[in-house]
Structures are given as structure tokens and as C-alpha cells.
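Note sheet for the following structure.
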Protein chains: 4
Amino acid sequence: MSQKVKVAVLGASGYSGIELLRLLLRHPHAELVAVTSRTLAGKTLSAEFPRFRKVGIADRLTFSNPDAAALKEAGAEIAFLALPHGVSVEYAKPLLELGIKVIDLSADFRLRSAEVYKEFYAHEHPAPELLSEAVYALPEIRADEIQKARLIACPGCYPTSILLPLIPLLKAGLLSADPLAVSSMSGASGAGRNANVSLLFCEVQNSLRSYSVPQHRHLSEIGQELAIAAGREVKLSFVPHLVPVYAGICTTTFASLAPGVTLEQVEAALQQAYADQPFVRLLGRNQSPDTKHVMGTNFIDIGWALDQRAGRLILMSAEDNIGKGASSQAIQNFNLVCGFDPAAGLQSV
Amino acid sequence: MSQKVKVAVLGASGYSGIELLRLLLRHPHAELVAVTSRTLAGKTLSAEFPRFRKVGIADRLTFSNPDAAALKEAGAEIAFLALPHGVSVEYAKPLLELGIKVIDLSADFRLRSAEVYKEFYAHEHPAPELLSEAVYALPEIRADEIQKARLIACPGCYPTSILLPLIPLLKAGLLSADPLAVSSMSGASGAGRNANVSLLFCEVQNSLRSYSVPQHRHLSEIGQELAIAAGREVKLSFVPHLVPVYAGICTTTFASLAPGVTLEQVEAALQQAYADQPFVRLLGRNQSPDTKHVMGTNFIDIGWALDQRAGRLILMSAEDNIGKGASSQAIQNFNLVCGFDPAAGLQSV
Amino acid sequence: MSQKVKVAVLGASGYSGIELLRLLLRHPHAELVAVTSRTLAGKTLSAEFPRFRKVGIADRLTFSNPDAAALKEAGAEIAFLALPHGVSVEYAKPLLELGIKVIDLSADFRLRSAEVYKEFYAHEHPAPELLSEAVYALPEIRADEIQKARLIACPGCYPTSILLPLIPLLKAGLLSADPLAVSSMSGASGAGRNANVSLLFCEVQNSLRSYSVPQHRHLSEIGQELAIAAGREVKLSFVPHLVPVYAGICTTTFASLAPGVTLEQVEAALQQAYADQPFVRLLGRNQSPDTKHVMGTNFIDIGWALDQRAGRLILMSAEDNIGKGASSQAIQNFNLVCGFDPAAGLQSV
Amino acid sequence: MSQKVKVAVLGASGYSGIELLRLLLRHPHAELVAVTSRTLAGKTLSAEFPRFRKVGIADRLTFSNPDAAALKEAGAEIAFLALPHGVSVEYAKPLLELGIKVIDLSADFRLRSAEVYKEFYAHEHPAPELLSEAVYALPEIRADEIQKARLIACPGCYPTSILLPLIPLLKAGLLSADPLAVSSMSGASGAGRNANVSLLFCEVQNSLRSYSVPQHRHLSEIGQELAIAAGREVKLSFVPHLVPVYAGICTTTFASLAPGVTLEQVEAALQQAYADQPFVRLLGRNQSPDTKHVMGTNFIDIGWALDQRAGRLILMSAEDNIGKGASSQAIQNFNLVCGFDPAAGLQSV
């Protein structure tokens, strides 16, 4: 029988947190030894989340207050931080000092530059010395670094859906310098599990709308990673939209091919990057991905088309924003860090 | 008491048709004298559409087979065609010959060029001589022509949402020649009321997906009207998406300003075009329109933003695809043709 | 031109309140002179509810603090109270004393007995002397009293859907004394527009659940009105369910026929009661009403069936919970109080 | 490594079939050797169901025409029939004759009486000799018989949700002879994956309605099983409702306690029956189950309440109609037939 890695989850009361617990409760190589939440301290997992009744240890495991020393004592080897932006950083430092590796789902360690952080998040970064150590953890792009890391910054939901189709093309120099235009739609779970009138069923159900125009915070990490891939600054406009589904992100990107580049070259670059990746599915030319086929999974589906009239390449992707866009990608990183089969615990479709 | 205009509706079994009937049953200056449908002939309106029980004449008016002479005999002065593309044209000709004005909701008379029609609809146009007479009827843009017309081509749902924000800017020469990138989301009513597995509740509810990439048929009329406004060809990429709402279109357009143009000039052009228009609502800078505020109405809401990092103007609009995008816009045109108050019968919010 | 009655709306920030404003903004015989809300004081109607931009006086009318004297000064003749339960009563008294008639949408004046009120609402009724004056205002049942009343208690949403099918049968003595079993489903707008995690889109969208079992507060008014109709106590179990629609109530009632009673007698009693009522639609035997046909209207649709195996009568009804179940029924009562056409302002379908 | 049982699935193109494939593709002890469908013959699983791309053998396994001999040749030991009612019976007989055990998800073998079958299904049963052999396979009630059976009739979705709460109470004699009243709500997947206008997204999304009133076909099997548990005929009225969710059944049952019976006795009977069952979760007194907590799982959640005013016991249950109500229950039966851990392959939450 396989030995299990002892893990803790900090701040598991939001939609990504619940999804993370769901995946960990069934992971063959993970043992959940602690779950923390200030507001839920003392309750069992299944008392708060009735979905988990009679599932694994959910009827017995109790939320505790977050405390690095206590987590160490509980034997935690790896801590998942499903905390709000700005809060993760408070816990990451003491956990790392105690030798506990950190897989963070917040935005706190995604940026390499403390200045860009300040520009987009409106305050000084509290631990800039950790930014150079953290790995921006797209497992299809940076597996080697992730395997060796002790501080994993899981990418944001929108960025994952935007970056994976673009990075191989930018690396291969297939796109022109024209600004990219990116339009994304996300389900309401991306907006969090907060008591907020604008997120009520009655407000969301018949609503289609953009938000955070023109400068969503995710632009900072998207820009950073595109620049690394391209070896130059990459300009883009990004408009996210909220649509009435529980989960799912559908992204459409308009790009311009560099002079002389053909669609066949685009396809070759995508195939080379992802044909052997278990969680990237290349659908083919003029094929539209559909979020319903990736919901609850770690897959990202990618399609593409050439609009010859306007001279534009159209890239399309679909993922589960709390799956590949957050929690299952965190598990994928966990598997890399621990040396497990990349698909361990991610078998559900 | 006002005299009423006698109207007929041909082919009212789809979602736009039902919406048209809803509006006509309550219109203060319209008298519904005939409703045709081959498949429903003999049934009363309310037998087919239980929503209309005890509403106006819906319990008494019976669907008949479509026949121009019979409609003339019934006294019809104006005929609304809510027929499939390619079918409207068959009826428009005999109706016009009998002196009945035609307000067509299909795509049959939207294009000025029979060649472009053939390119996008894959067959010869059956009555090209009518194309020069028909008016592409955006009431905010072309009221004078509509008032005098006897053949009204109501714009498509996507085109309405895309054209209204862009036309004043192109007329004023505020946009550069860069290709536009347009991303739209539409509710499922836009896909029609047809027995089709891909439109079942269970297929649509958790689904976000693009379709008809890269060349949706509506590109033809959008291109035509943008070129007229700009006085030059205007290139654009257009990606429509299907999302799980009954109705509503939310459109986001990425454009480039011409050199030296400011956002203030954009705002002035929009204000000048629409401040006095009863059904266009300008929301302001960085304001995202929301389809829930226009559902069931004839309003289109427009917002805009300048993305200075990428040097892009972002235009955003929201409309009801079967309202301003189809049936209530048809009523707005009807009011123009008949010389009624532009808002007659369109008071509902 | 018709003279208009000056009306005020107190507390119009919830879903019933918005629906009430929507109906009043377009009512041909109502002039909205004041809208109150402590939290929204100073804002215009359309600033808070973007749906109302460019509609009637919504861009100019400003929310004020609720104050009976100020409303009198503004000329209000009738006040609609769309306030929470327990708050309406505070305002009803001073308004009545100033000669302003009150149409209350809360539960504060629905019960005749202060004791029953205390049992179900857990505190003493603050103005028991008004309970005998108030009229429980089902317009199909009690039009005469409503016309003369100065204090109108609009029935609850569930009670309306349950009482209208049952009252004619109980009056005619067609049902046995067996306890009734009532199962209702309601859209989320019935739960209010409050910042509450359990009402978030992500919590409601995939959820079907009962609540307030076994004793929902509406049982008190249902029991009261059934007893009046039957001339005896009528026992019933009532289980409400929350389902993922914006609005709509679908009610199924299981009853036992009195010995010897036939389904034809049931049908005759329903026809006699409602055939001439403009807003009750009798669908017929074995016909299931559907909330989608009554949404946004003042209709209630009623069907019925006899289950001969179990010896049970099944009554089925559908209404819009914020329409016939709240705001449009309030308008129907307003029309009665003012002597207008019963359908004035209720023409939308 | 565990040996795997070779299984075939016949007719896997509906929602239960897709769910069954999903569960079998990941089942640790099942090897999918054949999938049949006349209409899909020649396609791979993942070509038809894009969700299954890159999942197990879904990219390689091809639909074949249904043929018992070919399935035998392919090595199938157990065949799941996810065929329409009336079609399963055609295949069950030859499969059984070839020694292949049959787990049928249709209604073909649920009734013990060919006469009752004819009454409810309107034609003679084609293989009445098999009815006595088939086991009505509620695994919590009839595990011993299921283990030995070669023809398994999986219960219907509504019956599972109705029978599990009632059977222990009827066995213990706790309910009176009054007719039961049962109201159920089901998601649209229960209505099948057929091209049918009434099941379109736009028809279902805003709709709440009952159907098949007063005599749904499932009444036959419910009545049969209740009578077996009670040792007497049990009368019930049953009204199913269609509501806008993908999946989930929420059932509310009104019953009368036998004289002198207390709620504690009811609770004791439920605890005794189900405390040790892995897939039945007893929520407690006045606790309403919620379908969102059982979606995608094999759980059924049960709550109860005593309505003392009306003297009624209220039983409430929630299940996934294509999970515990169909496909995952079929897997639970498969595990019993094969002697596997009851929860094998049913770990997902």
C-alpha cells in the first residue's frame, strides 16, 4: 500500500476550497490531517458541507484555527492555502520556516515584481523576498521547477485559460506584436462565496455582463507570463464577463499571426507542446470547446480558427474555473511536488 | 379613439414570433387580423401559446395557411414576416404586389448585394430586384428612409448590438483601420425553437461555447453597414457564443482609436447620436451594461472604456435578442412606417 | 384624459417592490409621487434600478426617508407598503390617521386574530385594533369589501396559489374533512433580496429543497381563510420548496372529495367562481399549469385531476409569486379601491 | 492487481447511459469491452461524448450494433441495458441464454405481474416468464437476492426516492391505511435526451409544472413494492413535477401514522434500516435534504418531520435521478452481483 503525504488545507470555505477538499478526500496518496477556518473552528467538515457526510474522514475531521505550529504538530508536510488574496502571505512564511511546503491558490505569490504587485493590488507586498522563490505553477509549462519548489503559486483561473493556448505560439514566435484582444466568460463561483446582493441567484440568473473593465487584476500575471514566453512585452486587452453557470471559463482570444506564418505552424506548435500532456485536449481547427465537457475535471480543451477576412487567429479554450483554473490544478502541482502519477486523484470526469 | 392599422403575422411559431405576437396583442394602434402557420393552421393562438389565454383576441384568432390574397382580403395593411431565412422572400413579393407593406424579420432583404448574399447563404437570391428597395432598418440610424419604405428589413440580433455603438464612431472617423474584434454572447432563444438535441435544457444549462467560428452569416450585414458608416471597408473578426439564458445579447468590441482621438470625442459622438433616442441608453465610461436590465424591452444599453495599456477602445452593449434584436425593433419600425409615437406599444419594462 | 391617483411606495428595495414600481411606472391612472427607503434615500429610482433608466419619471424621482407627514404633503392618496413583516404596521397607523389609504404587501394585517399572529410570528401584534378593519384582499373572493376598505392586506404568495383553487370547493361543501396535503415550489425571489450566502446563485442553481418544515408562517393565513370558506376548521400540511427559477409558484394540493361528490361538481364550482374573472384561467381536467405561462402577469392558472385509485382530488395552480402572489395583485386591489377597470395597468403578458 | 469483470453497455446514448459510461470508465474492477448503439455504430465513445476524450479507453472503443452473440464473443460477462422501455426485453433473453448476466435500467422487468404491466404500459409483456426471475433491485432492501440474481431490474428514479423512506416504516407497521400523497420534483435529464421542443432550454428554464397527472407509470412499481413491505395494498397519489435543473429528484411524502405511533418509533425504524448503509444518509428531524448535496453521487439523503396540527408525518428525500435513481445504483447492484466492495467505483462526491 502506498504511503500517504500528510496535508493541511487553510481557509477552505469558498468554492475553490470545497473543490479542493472534495479532491483531497479521495486522493489515493493524500491524508488530510488539518483543515482551518477561523469562522468554522470546531465544526466538522461534513457539518459545514453536507455533501461530505459519510465521505472519508469528513464526519470526524474538525475545522481548527489557522496556526502554523499546530499544523506542524499535526504532521502536515504540505499546506494548501485557499485563503483570500493578501491573507495567504501571512501564513506562507511561518509554514515555510517550519519546513512545510506551500501550495498557494491566491494571487499573493504569482508576480515576480513587487512593483507590479503594488500597481495592481494597491498595497506593498508584505514579503517581497519570497517572490523570487515562488514558482508560477503552470504544470504543462514549468514541471521541472515545480518538482523542486517549496512555494507553489497556482495561476489564476482566467490566466490559465488564456496562457495555455498562447504560450507555445509566443515561444515559437508565431504571433505579431499587435495587442491581443481577450474576451472571457466565467461562472459565478469565480466571484466567491460571499454574502453579496449582486451574486444572488435572482441577480445572476438572467444576467450577462462584463466587469472590471478595463483593468482586471489578472492582467498583471497574464502580462508577466506572456512576456516570459515571447521574450518581449506583449500587450493585451482583457474583458471578463459573468454568466449564469456555477462554474466554467470560456475564453476567446483574437491575435495576429506574424508575417508569413501559417495555421499549420500554429497547429504544429500546439501539438508539440500538448499532445503528450494528459490534461490538455486539442480539439482541432474550427472546433469550439464547451465548458460542459470539462466541468468537474482538470482538463482544458483548446480549439482554433483562422479568420482570413480579418487576418486574425482565433484561439478558444474551456476549463473549469475551480478545477483546472484553481483546485485540480493545485492537485496536479501537488502530484508533481510529491513525485506521484500526474493524474493521481484526478480521475473523475 | 385612435384608428388601428390592420396587421398580419406570417410564421409566428418561433421565439421572435411569439414575442412579436405578445407586443401586437397589446399594441394600442395595431389590430391583428391574421396569423399564419402551415403547421398550426386551424388552432387558436392561445391553444398553441397558453401564455395568451384570455389575452385580447388570442382565444378567438385562428392560425391560417399563409396566402397573400387571403391576407389582403382580411384587410391586412402591413405584414410582419417572422419566417425562416429563405422563406420570407417567397411571400414578400406577392404581398408587396397587393399593396401590403412588409416588415421582414428574416435575413432575406438585409444585404444590398446579391453576390454577398450568395457567398454567405450559399444560393442565389431569389428576388435580387427587391434588394435595392429594401431598407436595412436600424431606426436610430435610418428613420427617414424607414418612414417612406414599403419593404423593411429588420437587422439581425447580433448586428444590432454591434452596429449601434460603432456607427457614430465610424461616421465621425474616430476609429483606425485596424480590424475590429467582436465577442458576443447570446441566449438560447437566438438559436430558434426547433427540436434539436443540442438545444435541450440538459445540453445548454451548463454550457458556454462559441460557434460558427470563424464566419457567422451575420458578418455580411455587419460588414455592409460598417462600410456605409465609415465610407470604407471595415474589417472585423466576430465570435458569437451560446450561453444559458433564455434571451439577451451582450457584445464586447475591441477597436483602435485613430491617431490623436480622445475618449471625450468618442463620448461626444455617442451623445450626439443617441441622447435623444428613447431606446438607446448611454451608461457612461467604464460602465458595463447588463442584459437583465433590458430583457423584455426595446432598450439597448451601451458602455465604453479606454484600455490605455493596450491602446484599445472597448465598447460594450446589451440588448434583448428577441426584443431590440428582433421583434420590438420591428414594432419600432412599424411605428415609424405608420407615423405613430415611436414608443407606442413598447412601454413595458 | 383620465385623472391620476397619487400614490407612494414605502420600502421598494426588494423583488416585490421592484415589480410594484415597474407596474406603477406604467399604470395609466397612477402617479408615483414618492418612493421611500432609508438605505436608498437621495438616490433616483433609475440609479438604483438601472432597468428603469429612461422610463417615466424614474430618472427624476428620488428615494426619500419614510415619513407619513411628508407623504401627505406630497399629495399621496394611497400608500403601498412593500416593507418587511413587522415594519409595515409602524407606518400603516399614521398613514391611515392622515387619511391615506394603505395597501400592505406584508403579513402584518392578514390575520384576524392577534393570538394566531403571536403564535406564528412570535411577538405581540403592535396594533391589534386594526386587524378587524383590515381586509384580506383576494380580489376574486372579496371584491365588495376591498372596494370599501381603507386598509388592504394583500395575501401571501403561497396562500394565493393555495386558496383560489380551494375556496370555491370548500364553500360548496365538496371536500371531506381529511387533512389537505399541499406541496408548493417557489422561485428564489420569494426569499427576498438580502445578502445571504444560502441565496447565492451558486447555492441555488442546482438545488431542490423543502424548507420551514413542518410549520411555515403562511399556514396561519391559509388556515384562517379556508376555515372562513368551509365554515369549519380545515386541517392541512404544507411543504414549500425552493427551486432555481427567478419567480413562479407551482402548487399541488391533495384533497379528498366528500362522499358522493363527482369531478363534474368540482368543475362546475370552479367555473361558477372564475369563468368571468379576468385573471383566473381554468385549464381543464388533467391539465397541468406551467409557471412560464404566467410569469410577469397577474394570471393564476388552475388545473385539476381525479386520482381514482387513491380516491383523491388533485388541484394544481401556477402564478408569479411576485405578480399575482404579491405586486400585481396589489395593483388589482388598487384598481378596485379606486374604481378603475380591474385590468388597468395589468395588460402585460 | 485485481481481476476485472468484462462488461458491455447496450444503448448508451441517453443521460443515464452517459452517466453509466462515466462510472464504468473509472471503475477499478470493470473492463468495458463493448458499447452498442444502432445510431452511433462506428463512432468512438469520445467522438460522440467529448467529455470522455483522453479518458481511459474512450478514444479507442467504438460503438457497435447490438448483437448478443458478438457481445459473448467480446467476452462480456455482464451486460448493462440502458435501452428504452420495451426494447430491453428484446436483448435480455438472448443475453441470458448465452450466460451473460443482465443489469437492466429500463422498466421492462420491474413488475412481477404481466397484467399490471399491460395496464400501465398498454401492451402485453413480451417475456412474462422472466418476470418471476427478475429481482427488483433496491440494494438496501434486497441485497441477498441481488447477489444471486442473473436478471437485475434496477428501480425507477422516482420509485427509489419514494420507496427507501417508506419501506422500513411499512415493514414495521407504523403507518395507517390512509392513502399516501407524494409530490416529487425531477430535473430534466429524467425526461431523456430526445429532440423534443418541450425539452428545449428555452421551454424548461423558467418552467415549473406537474405532468402525467393523475397516473404516472412509476405508480405501478411503487405500489408493488409498498404492498410487499406492508403486507397489504397501499394506496397513494403521486404527482411528479419537472423543474429546471439538469438532475436531481426531491420527493416529499405525506403519510399518517398508525394510532399510537410516535416520531421516535419512526426514527428508530429508519436508523435500524439504514445506519450501516453506505449510501443512505439520515439527516434528522425537521431537516430538509437538498439535491445539490447528492448530485453526481450514489447517496440518498432522507429527512422527516411530524406536523402535529394536521396529524401528518412528512418524509423528504433527495437523490440524483441519474445516479442513485439509475446508473450509480446499477453500479451498486453490479458490485453486489460480483462480490466487490459495495462502494467500488462510487467514490466520487
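Where a number appears in this text, it was derived from the coordinates with a stated rule and is not lab data. The model shown is predicted, which means the values in this text are computed figures rather than measured ones. Neighbour counts are summed over all protein chains in view; Cβ atoms, including those assigned to glycine, are modelled from backbone coordinates with ideal geometry.
Worth pointing out:
- Gap separating the Cα centres of region A:1-28 and region A:161-194, nearest whole Å: 28
- D:ARG112 label point (Cα plus 7 Å toward Cβ) to equivalent points in the other copies: 5.3, 7.4, 8.0 nm, shortest first.
- Compactness of region A:102-246 as Cα Rg over 2.2 N^0.38 Å, two decimals: 1.12
- Label-point distances for D:GLN3 to the equivalent site in the other copies, using a point 7 angstrom along Cα→C-beta, read 3.4, 9.2, 9.6 nm when ranked shortest first.
- Residue of chain D with the Cβ closest to the rotation axis carrying D onto A, and that distance rounded to whole Å: D:SER348, 3.
- Chain D, helix-only ellipticity at 222 nm - DSSP H runs n ≥ 4, -39,500 (n - 2.57), divided by all residues, nearest 500: -8000 deg cm²/dmol
- DSSP-defined beta bridges in chain D - what % are antiparallel, rounded to 5: 45
- Global geometry of region B:102-182, whether rounded, prolate or oblate, following the gyration tensor of its Cα atoms and the 1.5 cut on a/c: oblate
- Evaluated over chain D, the Cα radius of gyration and Dmax, each in Å: 19.9, 64
- Per-residue shielding of A:179-191, expressed as the average number of other chain Cβ atoms within 10 Å of the residue Cβ, stands at 6.
- Translational diffusion coefficient (Stokes-Einstein; Kirkwood radius from C-alpha pairs) of region C:280-348 at 10 °C, 1.306 mPa s, in µm²/s: 121
- Shielding score for A:242-250, defined as the mean number of other chain Cβ atoms within 10 Å: 6
- When both bridge partners sit in the protein assembly as shown, DSSP labels roughly 45% of those beta bridges antiparallel.
- Residue by residue along A:41-52, Cβ atoms of other protein chains within 10 Å of the local Cβ number 2 on average.
- The share of alpha-carbon pairs in region A:196-349 lying farther apart than 18 Å comes to 68%.
- For chain B, modelled as a GNM whose springs connect Cα atoms under 10 angstrom apart, the maximal fluctuation among B:LEU164, B:LEU71, B:LEU96 occurs at B:LEU96.
- In terms of the mean number of neighbouring beta-carbon atoms within 10 Å, the peptides D:253-263, C:241-251, C:314-324, C:121-131 order highest first as C:314-324, C:241-251, D:253-263, C:121-131.
- Gaussian network model of chain D, Cα within-10 Å springs - most flexible of D:PHE52, D:PHE299, D:PHE201: D:PHE201
- Note on chain A: lysine pairs with Cα distance below 14 Å, sequence gap of 8 or more or different chains, count 7.
- Normalised contact order of chain C, rounded percent, pairs of Cα under 8 Å and 6 or more residues apart: 17
- Inter-copy spacing of B:GLN265 label points, which lie 7 Å from Cα along Cα→Cβ, given in nm from shortest upward: 3.5, 8.3, 8.8
- Amide H contacts of C:HIS241 (H built 1.01 Å from N, in plane; Pro and chain starts excluded): C:SER184, C:MET185, C:SER186 sit under 5 Å, all sequence-distant by 5 or more or on other chains.
- In terms of Cα atoms, the Rg and Dmax of the protein assembly as shown work out to 32.0, 91 Å.
- Springs between Cα atoms under 10 Å define the GNM used for chain D, and in it the highest mean-square fluctuation of D:GLN205, D:GLN271, D:GLN287 occurs at D:GLN205.
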